[in-house]
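For reference, the structure discussed in these notes is given below.
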Amino acid sequence: MILSAFLQHLFFAFGLFLFSSILCWKIIQRSKIMDTPNHRSSHTKPTPTAGGLAIVSTFFLGMGILFFMADKTMITQKFFLGFTFSSLLISGMSFYDDYKQKPFSLRLITQVIAIFVVISFGIAITDINLFLFSGNTALGLAGYLITFIWILGLTNAYNFMDGLNGMAGGNAVITSFFLGLVSFGQGSNFTYIVCYTIIAGTLGFLIFNFPKGKLFMGDVGSTFLGFTFATLAIISSLYDTAHTSLLVIPLLLFHFIYDTFFTFIRRLIAKENVFQAHRTHLYQLLNRLGYSHTIVTLFYCTMCIIQGLGAFWMMTIPNTQRLLAFIPYLIFQIIYSITIIYFAKKKNLL
């Protein structure tokens with residue numbers, strides 16, 4: 001029975017992968033939404049940039065099948081509707097932005113609305129295990145503020161980190177793989193199925209994006225992935241029968257979160273316009289120091305794999321001590337950022 005269920009899931013995932021691959025191929029052939037290179041670009045020729053549509057479409061196809069055919073793995077209808085409707089809102093606005101090149105302010109307003117939709121459906125961080133204290137502490141209204149900052153922050157962080165071939169897609173696959181394994185072990189079957197749906201859709205895109213960038217995912221893909229991971233982290237921690245730690249996603253994407261936060265603070269201290277587009281994220285500086293797209297992407301994917309192994313280790317630690325799992329990764333990122341900034345300044349990149 002276990003083998004039969006595994007084969008059914010494998011067949012389902014493979015079908016989604018084929019769907020995404022075919023859709024990506026069609027987008028390359030017919031898309032009129034092009035990313036034209038400029039002084040901030042890492043590519044040299046116009047490239048179709050609606051590949052995220054394949055990831056999004058595959059996700060909603062998977063969610064539709066799950067809704068109508070998999071009652072045993074479903075979360076409550078309230079959570080499901082809040083999750084899918086807000087994801088649709090984010091992806092729809094991001095696609096419109098890719099097509100019409102609307103200002104960041106409009107995109108931000110849409111993200112805020114989508115987050116309020118999430119919270120209105122009861123998807124929020126309501127309590128937390130404080131370090132070295134037993135039991136959960138209710139957050140009250142502060143929980144909604146933390147939820148807002150978390151979703152908004154990761155949504156945009158993921159978008160900012162989508163600057164090299166395979167970067168956003170490769171790390172999405174690895175993050176989904178480890179989250180899927182952890183959630184399956186915790187009994188969170190819905191999260192597990194969502195994860196392999198994301199893997200299937202993103203792999204279908206990646207074969208056209210890495211190592212050669214024949215297709216970019218655009219904001220419709222990167223913003224959707226960041227928003228989905230942020231929301232899924234909360235949903236998977238709200239199960240009645242199984243709880244995947246809220247800290248799993250922050251650990252899996254710690255290198256993305258750190259890169260974005262560090263760059264924001266560094267630019268703020270330097271009195272730069274933090275809302276102006278730039279090429280000074282750590283991963284971009286590493287690329288500009290002479291390392292290829294492939295090398296930088298594989299380096300960040302390796303970091304993601306090591307963080308994934310850390311997620312398994314973290315699940316063996318008591319709830320009140322799980323923040324300790326972040327310490328070795330934080331130390332590494334501090335050393336890494338100091339090194340990159342030193343050599344970037346030496347080459348006048350900053």
Need the failing condition index for TYR329 against (1) closer than 30 Å to ILE128 by Cβ; (2) over 21 Å from the mean Cα position of the chain (by Cα); (3) not hydrophobic (A, V, I, L, M, F, W, C), just the number. (2)
Based on this model, can you work out whether LEU298 counts as part of a helix (DSSP H, G or I) and not charged (D, E, K, R)? yes
Is segment 2-19 home to any residue that is in contact with a Leu (Cβ under 6 Å, 6 or more places away or on another chain), within 15 Å of PHE208 (Cβ to Cβ) and either aromatic (Phe, Trp, Tyr) or modelled with pLDDT of 90 or more (or both)? yes
Let me spell it out: the conditions are (1) surrounded by fewer than 13 Cβ atoms within 10 Å (Cβ to Cβ); (2) without any contact (Cβ under 8 Å) to a residue 40 or more places away in the chain, and PHE85 meets all of them except one. Which number is the exception? (1)
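Quick test for you: out of ARG322, ARG267, pick the one residue that is basic (Lys, Arg), surrounded by 14 or more Cβ atoms within 10 Å (Cβ to Cβ), assigned to a helix (DSSP H, G or I) and touching a residue at least 24 places away in the same chain (Cβ under 8 Å).
Result of the check over ARG322, ARG267: ARG322.
Confirm whether TYR342 is closer than 29 Å to GLN186 by Cα and in a helix (DSSP H, G or I).
Details: closer than 29 Å to GLN186 by Cα: no; in a helix (DSSP H, G or I): yes.
It is false that TYR342 is closer than 29 Å to GLN186 by Cα and in a helix (DSSP H, G or I).
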Sole miss for GLU272 among (1) assigned to a helix (DSSP H, G or I); (2) more than 17 Å from the chain's Cα centre (by Cα) is condition (1)
Test: LEU253 is surrounded by 23 or more Cβ atoms within 10 Å (Cβ to Cβ), at pLDDT 95 or above and either closer than 18 Å to GLY308 by Cα or in contact with a strand residue (DSSP E or B) (Cβ under 7 Å, 6 or more places away or on another chain) (or both): yes
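The values are calculated or read from the model by the stated rules, or taken from the named source; none is laboratory data. Since the model is a prediction, treat every value here as computed from it, not as a measurement. So basically every Cβ, Gly included, is an ideal-geometry build from the backbone, and we count neighbours across all protein chains shown.
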